[in-house]
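Below is one structure, written out as structure tokens, with a few remarks after it.
The values are calculated or read from the model by the stated rules, or taken from the named source; none is laboratory data. What you are looking at is a predicted structure, and each value in this text was computed from that prediction instead of being measured. Quick reminder, even Gly has a Cβ in these numbers, built from the backbone with ideal geometry, and neighbours come from all protein chains shown.
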Amino acid sequence: MSGKRKPSAREAFDDNIADAEYLVSLARALLNRRSRRMRRELRERLGEALDLPKRSWAELDCIESEDLFAVLPAGSRLTREHFQEAALGPLLRQALVAACAALETFVGDRVMERLRGALDEEERPGRLLALPMTVGDWLYIDETYQRRRWGLREIVEIEVRQIASPDPAQIGKALGIVGEKSIWRRIDAERRVRKGSSEASLRRIYERRNRIAHQGDRDGRGRANIMIDEVDGDLVELKSIVAALDGVTGA
């Protein structure tokens, strides 16, 4: 039986970013657009259709969005306030964290895809040659692998995964391992945007991700506001940057 093919860096990114997009879609579906409580006539019809006790009909409520109509039964632990945009922040914050993780994984995967070519170059990249390797690493390779390059790849990947990050500066360092230079200037050119704008956009998203991951997205005494359209726009921006990154660093 043949094994399953390992996804490419871009395929893995598309799969991972879909998780973030799903969270945003879920938040949008749960956003209640209904400004008033359920009408009495509707409560009575639904109560009868659902075979609920008549005494509970008056407590029925509902939420309604472009994608969803949901009934909140009597005694529900959820209220209409749980479906306001401000209350959907946990989904949106995790979407942004997941999107940045997808980018970080893409960078590491792309470096590893390009590693063999970099090792085979007549003049190997200086940043690749500068990666640290201990005596213990060398002994591990020598004693474990007949094909030593496989062992070398394993040691290099540990370093690459530590360097790879959604931080624009770290992306440049990681791709420098396989000889990529002036990466952000080339990404701007690929996207046909103003010089420096891609790096600035990613830095803004990365810094927000850090506030979420390390500070609970605190802003003063409370949490910073986060909106569905805001996160949706950030995901579109990340996908655009990765598409350009894929284009300029592809094998």
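For first residues located in segment 28-40 and in contact (Cβ under 8 Å) with a residue 40 or more places away in the chain and more than 15 Å from Leu60 (Cβ to Cβ), partners that are part of a loop (DSSP other than H, G, I, E, B) and among the hydrophobic types (A, V, I, L, M, F, W, C) and lie 6+ apart or on another chain with Cβ distances below 7 Å form the pairs Leu30/Leu68. Looking across segment 219-234 at every residue that is within 19 Å of Asp19 (Cβ to Cβ) and not acidic (Asp, Glu), the one that is surrounded by the fewest Cβ atoms within 10 Å (Cβ to Cβ) is identified as Gly233.
The single residue among Ala74, Ala87 that is without any contact (Cβ under 8 Å) to a residue 12 or more places away in the chain, surrounded by 14 or more Cβ atoms within 10 Å (Cβ to Cβ) and of a type in the set (Gly, Ala, Ser) turns out to be Ala87.
Considering segment 1-58, and only residues there that are in a helix (DSSP H, G or I) and among the hydroxyl-bearing types (Ser, Thr, Tyr), the residue that is nearest to Lys239 (Cα to Cα) turns out to be Tyr22.
Take Glu81 and decide whether it is under 19 Å from Ser201 (Cα atoms) and part of a helix (DSSP H, G or I). No.
A single entry from Gly222, Gly179, Gly172 fulfils the requirement of being without any contact (Cβ under 8 Å) to a residue 24 or more places away in the chain and within 24 Å of Glu11 (Cβ to Cβ): Gly172.
For the list (1) modelled with pLDDT of 95 or more; (2) outside any helix (DSSP H, G or I); (3) surrounded by fewer than 19 Cβ atoms within 10 Å (Cβ to Cβ), I need the number of the one condition that Met133 fails. Unmet for Met133, out of (1) modelled with pLDDT of 95 or more; (2) outside any helix (DSSP H, G or I); (3) surrounded by fewer than 19 Cβ atoms within 10 Å (Cβ to Cβ): (1).
Consider segment 185-218 and keep the residues that are aliphatic (A, V, I, L, M) and crowded, with 19+ Cβ neighbours inside 10 Å. The one that is farthest from the chain's Cα centre (by Cα) is Ile187.
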